[in-house]
1. Taking 41 Å as R0, compute the FRET efficiency from the Cβ-Cβ separation of LEU268 and GLU245 and round it to 0.05.
2. Cross-link partners among lysines for LYS246, C-alpha distance below 26 Å, same-chain residues fewer than 8 apart left out?
3. In terms of the Cα gyration tensor, with a ≥ b ≥ c the square roots of its eigenvalues, is region 190-313 rounded because a/c is under 1.5, prolate because a/b exceeds b/c, or oblate?
4. Filter the cross-link list LYS35/LYS207; LYS120/LYS341; LYS35/LYS107; LYS120/LYS342 down to pairs whose alpha-carbon distance in this structure exceeds 25 Å.
Amino acid sequence: MKPPTFVRTVLLRLACASMLVFTSPSPPAAALQAKPYQVGTGDVLTITVYGDAGLTGLFPVSAEGVIGYPLLGNITVVNMTVDEIGAQISRDLSTHMANRSVAVAVKEYAPIFIVGDVQKPGRYEFRPGMIALELFALGGGARVTSARIDMSAIQLISAQQEYEDMSLQLLSQDVRRVRLEAERNNVPFRYEGNRIGPARDPAVLEKIVSTEQSVYALRLSVLEAEKQNLEVQRQNFVHEIETLEKGNIMRNEQFQLLGLDVDASAELVSRGAASQAALRERKRELLAMNQQLLESTSFLARAQQNKNEVERRVMELESKRRNDAVSELREIELNMIRLRKKMAFSVETMAEIGVSSRRMMSLDQMVQTRFSVVRQISGAFDEIGANEHTSLRPGDVVRVTILASSSFETAKQRVDPGDQSSAQ
């Protein structure tokens, strides 16, 4: 979902204003490309060794950049990616035990800090990909007492971030909606990327679609496995029914033959050509065959009932899948309506920020924000120059310094003469 045209115009002007407010030079495009995260001191790692709970757990990275690991002792992990750490542990464990799969992830990152001319200096939670400007916004923006600074640019950044977050949520909900519709209609799951709007980061869209594809495939495989098991049961009952029906046909024939024998024996007894004992024996055989026929008929009815029950369970599986999808779809559609309303409100908020920022865009000279980062390098802390786009690492301390121009108040009064008359 894109903001309206007049809002995009306002955002473009505000972007220019932000470049004036934060005058530090932007880094080259290559520096903005994401790199695999390297573990630092203060991080907490989750190491999982499948099949061995004794080697699985949480391991904090010490100030020396090592972790204490069972069997292997101290392992240096600082400045290594989780894949590299996992490969090293797997390789070292192979000398002690074979066939151990190792997975490493960062459970907690070392915190980052911001100090200097900010509203809320202190400790904040780190997340991969964070830049200095985001931490600056989390710290409440600039704290300047000698000049009245319009914080519209910071507010715009926050509003834009909120809008982007809601756009991502809406995209995720829409992909899930398409997956549920595929389950409801029993068709393959496919998602076209232009349903909500062009994704700013195709990799994010691909990951969301891949996740939903995995859920779709898993749920379908479980359904097919259950249906296959029920089909095996159904085939067994079909075979049993066929066998019983064939047996009943033969028993009916035998029953009829025995009935003829009984009639013949009764005729012979009436003529005095046969004894009553022979007749009674024939009647007992007829009764026994009749009992077998009744039992076989009962078994046949039970097998038919079991077959019908299995077929009902197969239909119930399909019905449950559709009903579950319909129920989740109602919730998804409601969430998407809410998100769209919030996004519309966010667009209005950004437009209002744009109106309030016009005075700041007209000033001849703006304040200058300078950033620096105190970072541990090769075991020692060093303060290095930075700008608002500088990527942060866990444990960094960002220092913010606001340099106000001496002509700021003069320029401010030229833009807003009402303030000047009020001051007089």
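1. Between LEU268 and GLU245 the formula returns 0.70.
2. The qualifying lysines are LYS283, LYS307.
3. Prolate shape, in that a/c is at least 1.5 and a/b is the bigger ratio.
4. Correct reply: LYS120/LYS341; LYS120/LYS342.
Values quoted throughout were computed directly from the atomic coordinates according to the rules given, and no laboratory measurement underlies them. Nothing here was measured: the structure is a model prediction, and the numbers come from that model. For neighbour counting, all protein chains shown are included, and Cβ atoms are generated from backbone atoms with ideal geometry for every residue, glycine included.
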